Amino acid sequence: MTEIMTDTISTNLQTIISTMRLGLLAPHLIVSMGGILLMLVSLLKKAAFKINAFLAIVVLGIASVCALNTGSDPQTGFNGMIKSDMFSNVFIWIYCATGIFTVLISHKYMERRKINVPEYYSLLLFAVSGLMFMTSASDLMILFVGLEILSVSLFVMAGIDIHDLRSTEAGLKYFLMSVFASAFLLFGIAFVYGATGSTEYSAIKDFALSNSFGRSPYLYAGVLLVLGGMAFKISAVPFHMWTPDVYQGAPLPVTAFLSTAPKIASFGFLFKFMAQFQNVQPYPDLLEDIVISLAVLSMIVGNLLALNQEDLKRMLAYSSITHMGYVMTAFASRSDTAISAALFYFAAYIFMNIGIFAVIAVISENNDKNLTLENFRGMAQKKPAMAFLFMIFLFSLAGIPPLIGFAAKFFVFSAVIQSGLYGLAVIGILNSAVSAYYYLRVVINMYLKAPEQDSGFDLNAIKYGMAEMLAITSCIAAIIILGLQPTSLIHFFEKIAL
Amino acid sequence: MELTFIKPFMFYFFASLTTGSALMVVIIRNPLYSAAMLVLTFFSLAGIYVLLNSEIIAVLQVFVYAGAIMVLVTFVIMLLNLRSGALINKPTHIIRSVVAVIFSFLLFICLISIFVSGNQVENAPKGVITAAAIESEGSFQLFSRALFSEYLLPFELVSLLLTVAVIGVVVLIRGISGAEENKQAKKGQGR
């Protein structure tokens, strides 16, 4: 009896191990183990913050190289819990790049503010591994746990400046809103599970194809709730309330990370999840309408709120809502070209957003909490080089050719037009014209206005470190080179099928 | 089983106990008694799980909810020193209560309509683990096997999540205590 038992157990073990395929998880495991390693290094006394910054970059670099190794053919592992393909690899590269840039702009800033907690980098790595799990998942359970790993790290990172009340507020606010969003998401996953009997994407797809999506109210409700929970993370209107306060309060490098990677990961998941319902006939109208209205609302409301913002970080928060609205239009059009356009937009968005936050981190020597647009008056006279770099980032965000922002918007809107959503494309183009107003306002303040004498903000005091300059220059180079030559990158993304 | 005829009675007993005690949680004014009622709710829910042949869920329900979480809730209530009705006596806005009533009613209608519309419940997919399988192999064995084979990755990831949470708490608490030490050191220098 016991022999039979051990036999079945060992065969079970063999099948478990043979279906695991740990190799597919190499980047995820390297990054999360790197997080634990950094935690141990933190025990070293003084130099830990510096060593950790270096190690974090190394770990992220190794992880992105490992993603090359898994190959481009779609492979599943862990009983279909993980699906590794070119799509998830691209996201892994995006996260690693964001992580490396965040480390580069964090170091000097955190030391200046005396919040050089060495565990900060450990949390950053954990956040990156959570992101990777989110987009590599092919099961809603993995998605949820990955999302929670990401969120828990981000709460702490946003509130890491204990001495500053606003940072604590940002951490707490992000915590409360995230928990709320997670409840939505979890409720939705429960509904989907109740309807289909599985949390695995392919099983959900089979159910939706055989039973016609619209006739199963459970599945319908579940998918809508999942969409709502993700809209919180993306901060699409009407789920955007937390964005400006969190962006303003959190330390700048954290804001840079927060405004890019988690949103991109949420979109990555949505693209992957909703692709399962691509061939459902008839496609549920309500779902399409909701996505379109999320896109339209995000673009319009984000823009309107950004128009008369005097605080720079709040303005960027609202503008990020608008940018995610543009991506949402691509999401609404449900075509392969739209997916490649969205991937291009993500790449562009990272270079623009990380770059602009890097510039702000450099400029705001000591009072970034109240960085108003007025503070930039006459910056071109005092710091011409910095003002010029800042201007390029703003132009790119506004979508002025030949920078990458223009190419990204061009690809997204042409994909939207190809899918026949002309109205949505027109709204998007009009909005991107409106958004130029508030970006150019900063440029006008820098170049055309005389510097204020008693602003209490000394532009001459700006000093920058090597790491920050490395981040800024590489972002600038990417913006200009990819803006002039976008075809190779978009061709690369076009080859990626879901 | 010769006792099957009792099952419906047991179900109605536990179901009415669950709803009744859940209602009492909302109605009772003393938060501590509310918490006690919530414990009763969890216990009667555990009874329903036992009737559904899933003993392990019942045990976990009692351990985790009635045992761990409710102790935490009671602890917080006592720590805040909430007196009877302390939370309720605040005047609530009339619009707020109207909106609350409307939304709860809508949710109620939605849930009812899902159950009423067609034969959703009969057509719903059934799990792979049947009552017969549980009978022959045991609820705990099946649960453990699923947890450590099919759901191994989520299980391990949850441990990573807990690690991250612990690190986060330590980072934040150390920041606070470090700041207080600095303050005290400065005070000491001032004197």
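The values are calculated or read from the model by the stated rules, or taken from the named source; none is laboratory data. What you are looking at is a predicted structure, and each value in this text was computed from that prediction instead of being measured. Because the Cβ atoms are built from the backbone with ideal geometry, glycine has one as well, and the counts that use them run over all protein chains shown. Heads up: the accessible areas ignore ligands, DNA and RNA and are worked out on the full protein's heavy atoms, side chains in. Shrake-Rupley method; radii C 1.70, N 1.55, O 1.52, S 1.80 Å.
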Only one of A:ALA231, A:ALA236 that is part of a loop (DSSP other than H, G, I, E, B), open to solvent by less than 10 Å² (accessible area, probe 1.4 Å) and farther than 25 Å from A:SER106 by Cβ | A:ALA236
All positions within region A:267-291 that are of a type in the set (Lys, Arg) and free of Cβ contacts under 8 Å to residues at least 12 places away in the same chain = none
Sort out which residues of region A:460-490 are in a loop (DSSP other than H, G, I, E, B) and modelled with pLDDT under 90, and write them in order of number.
-> A:ILE462, A:LYS463, A:TYR464, A:GLY465
Only one residue in A:ALA190, A:ALA170, A:ALA181 is away from chain B (no Cβ under 11 Å), touching a helix residue (DSSP H, G or I) at 6+ places or on another chain (Cβ under 9 Å), of a type in the set (Gly, Ala, Ser) and open to solvent by 30 Å² or more (accessible area, probe 1.4 Å). Which one?
-> A:ALA190
Which of the residues belonging to region A:191-218 are under 18 Å from B:SER113 (Cα atoms), assigned to a helix (DSSP H, G or I) and small (Gly, Ala, Ser)?
-> A:GLY194, A:ALA195, A:GLY214
Count, please, the residues in region B:9-35 that happen to be open to solvent by 60 Å² or more (accessible area, probe 1.4 Å), farther than 26 Å from B:PHE140 by Cβ and part of a helix (DSSP H, G or I).
-> 10
For region A:77-89, state whether one or more residues are farther than 30 Å from A:ASP206 by Cβ and open to solvent by less than 10 Å² (accessible area, probe 1.4 Å).
-> no
Of the residues A:MET39, A:MET20, A:MET5, A:MET33, which is closer than 24 Å to B:GLU156 by Cα and modelled with pLDDT under 85?
-> A:MET20
Are there any pairs, at least 6 apart or on different chains, whose C-beta atoms fall under 7 Å, with the first in region B:62-81 and modelled with pLDDT of 85 or more and the second open to solvent by 70 Å² or more (accessible area, probe 1.4 Å) and not basic (Lys, Arg), and if so, which?
-> B:VAL62/B:PHE43; B:ALA66/B:PHE43
Single residue of region B:113-153 satisfying the filter (within 28 Å of A:ALA208 (Cβ to Cβ) and hydroxyl-bearing (Ser, Thr, Tyr)) that is modelled with the lowest pLDDT | B:SER117
Picking from A:ALA181, A:ALA221, which residue would you name as being small (Gly, Ala, Ser), modelled with pLDDT of 90 or more, out of contact with any Asp or Glu (no Cβ under 7 Å at 6 or more places or on another chain) and in a helix (DSSP H, G or I)?
-> A:ALA181
Determine which single condition A:LEU224 fails, assuming it passes every other condition in (1) more than 22 Å from A:THR329 (Cα to Cα); (2) within 13 Å of another protein chain (Cβ to nearest Cβ); (3) not basic (Lys, Arg).
-> (1)
Identify all residues within region B:42-82 that are within 18 Å of B:GLN141 (Cα to Cα) and either open to solvent by less than 30 Å² (accessible area, probe 1.4 Å) or outside any helix (DSSP H, G or I) (or both); write none if there are none.
-> B:LEU52, B:ASN53, B:SER54, B:ILE56, B:ALA58, B:GLN61
